[in-house]
Protein chains: 2
Amino acid sequence: MPNESIYYLGDTARVPYGGKSATTVQRYSLEIAGMLLEENAKTVVVACNTASALALSPLTENLPVTVTGVILPGAQAAIAATRTGHIGVIGTRATIHSGAYERALHSLHPSVRVTTRACPLLVPLIEEGWLQTAITDQIITQYIGPLVDDGIDTLVLGCTHYPLLRTAIARLLGDTIALVDSAQNCANAVRDLLIRENLSALETSAGSLQVALTDRPDSFLRVAREALNLDVGEVQLREIIPHAP
Amino acid sequence: MPNESIYYLGDTARVPYGGKSATTVQRYSLEIAGMLLEENAKTVVVACNTASALALSPLTENLPVTVTGVILPGAQAAIAATRTGHIGVIGTRATIHSGAYERALHSLHPSVRVTTRACPLLVPLIEEGWLQTAITDQIITQYIGPLVDDGIDTLVLGCTHYPLLRTAIARLLGDTIALVDSAQNCANAVRDLLIRENLSALETSAGSLQVALTDRPDSFLRVAREALNLDVGEVQLREIIPHAP
């Protein structure tokens, strides 16, 4: 969607969301979504698994625009990839405990077997930039080894940070286990939605990317920039606008 | 101080502070301190190295009561322990980058040599409950090994989580490097302050501990309970009151 203008808002003042309660994640998600609406967002993408798992319903109910989460696209990618019907899911504590992936996967295919594991150290590891170290490999083995032993044939990276560990995780999984994330399917879902709702940008529009954060960019921005090979341009610093309950 | 009543407020809705900017840590600290004043706190202890490092001045300027941080007590413990005058300090990214320990140590003893290291993975490791694992030992070696090689004779645990890793860290340090934290010295400083200000509780008072959090207690409470061997009783859930700028 090269013609679309994307306003990306990262709540760095309050991350990580992955260990917080549903109530708090919902309040924070509504606040961040409100700030996106102020930027005249025509649709909102919840580009975070924890917020998608815990806050998609309140966001959908409260926002005047369409909302797309990353859980369903990730589940679709997993259903497309599995042959044996045994799918593993890794994510933050909040995502895994919510049961959102099991619900999404079973809504798409009631008989698939789902084995999940919360991996709370992976986000801090990635933010430390230890993407390819022996310690990282051991932590990955500690978390994911039991899923491999349990016979999964597909692993969902149920956290938007985890693709930065794709190489290290793939090393453990070998050739026989498929590794899927929600990114491509989520982008497809948004494109289809814009077409369906007649909201696509004109082909003559110059698309853009504006990155904004609620706290000063820290060293993670460097990691992200290098790992994603993405020029995020000038980063805006935004104050959080509290959500009126 | 068994006669004192302690109101402990943990900002679990927004932790960890260790990777956030000074501006954000200052705003959050003022908000939390305001909530303590509402509980009629007669003095405030900033029982967090990051908040002490970044927000002690604004807290001291803005609060109508005395404020005690943990950096100076930790620095005093280190000065008392060192023989060679080469002190290591580990802490969060924000604490280490603030330079607060160097300033405190040099204010007490201008000629000590200070070598610091930010250890952003230690807090998540502790919250995951991996206090005594081979992976934990390797991460500790990765972070602290260079300080040992550099010849420190004293190591300051510059984060209030780190004492939970004391056994694992001591294993790396051996018998020749002293391990100090601010807890005992901070408690002594508060006791002296209460006596000096004539604020001590009566010896007939029944002391108490009330623990409150800004987000639902997660699994870390179990780790803390077991590791500290502390009965925290019924935990209050408090909503954050935004700070008027």
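The values are calculated or read from the model by the stated rules, or taken from the named source; none is laboratory data. It should be emphasised that the depicted structure is a prediction, and the values quoted were computed from it without experimental measurement. Note that each Cβ is placed from the backbone with ideal geometry, even for glycine, and that neighbours are counted across all protein chains shown.
Some notes on this structure:
- Any hit, segment A:154-161, residues being free of Cβ contacts under 8 Å to residues at least 40 places away in the same chain, surrounded by 11 or more Cβ atoms within 10 Å (Cβ to Cβ), small (Gly, Ala, Ser) and within 23 Å of B:Leu121 (Cβ to Cβ): no
- Matching residues, segment A:100-129, being modelled with pLDDT of 95 or more and over 18 Å from the mean Cα position of the chain (by Cα): A:His106, A:Ser107, A:Leu108, A:His109, A:Pro110, A:Ser111, A:Val112, A:Arg113, A:Val114, A:Thr115
- Flag for B:Leu202 being more than 28 Å from B:Ala118 (Cβ to Cβ), at pLDDT 95 or above and touching a strand residue (DSSP E or B) at 6+ places or on another chain (Cβ under 8 Å): no
- Answer from B:Gly129, B:Gly145 - the residue that is in a helix (DSSP H, G or I) and within 13 Å of chain A (Cβ to nearest Cβ): B:Gly145
- Qualifying residues in segment B:97-126 (those that are within 14 Å of another protein chain (Cβ to nearest Cβ) and part of a helix (DSSP H, G or I)) - the one surrounded by the fewest Cβ atoms within 10 Å (Cβ to Cβ): B:His97
- Test: A:Asn188 is in the same structural domain as A:Arg27 (by TED's automatic domain parsing), on the phi > 0 side of the Ramachandran plot and not hydrophobic (A, V, I, L, M, F, W, C): no
- Odd one out for B:Thr50, checked against (1) part of a loop (DSSP other than H, G, I, E, B); (2) in contact with a strand residue (DSSP E or B) (Cβ under 8 Å, 6 or more places away or on another chain): (1)
- Scope segment B:1-45; condition among the small types (Gly, Ala, Ser), within 14 Å of chain A (Cβ to nearest Cβ) and in contact with a strand residue (DSSP E or B) (Cβ under 6 Å, 6 or more places away or on another chain); matching residues: B:Gly10
- Annotation: A:Leu36 fulfils all but one of (1) surrounded by fewer than 22 Cβ atoms within 10 Å (Cβ to Cβ); (2) out of contact with any Phe, Trp or Tyr (no Cβ under 7 Å at 6 or more places or on another chain); (3) in a helix (DSSP H, G or I); the unmet one is (2).
- Where B:Gln184 falls short, out of the listed (1) within 17 Å of the chain's Cα centre (by Cα); (2) free of Cβ contacts under 8 Å to residues at least 40 places away in the same chain; (3) assigned to a helix (DSSP H, G or I): (2)
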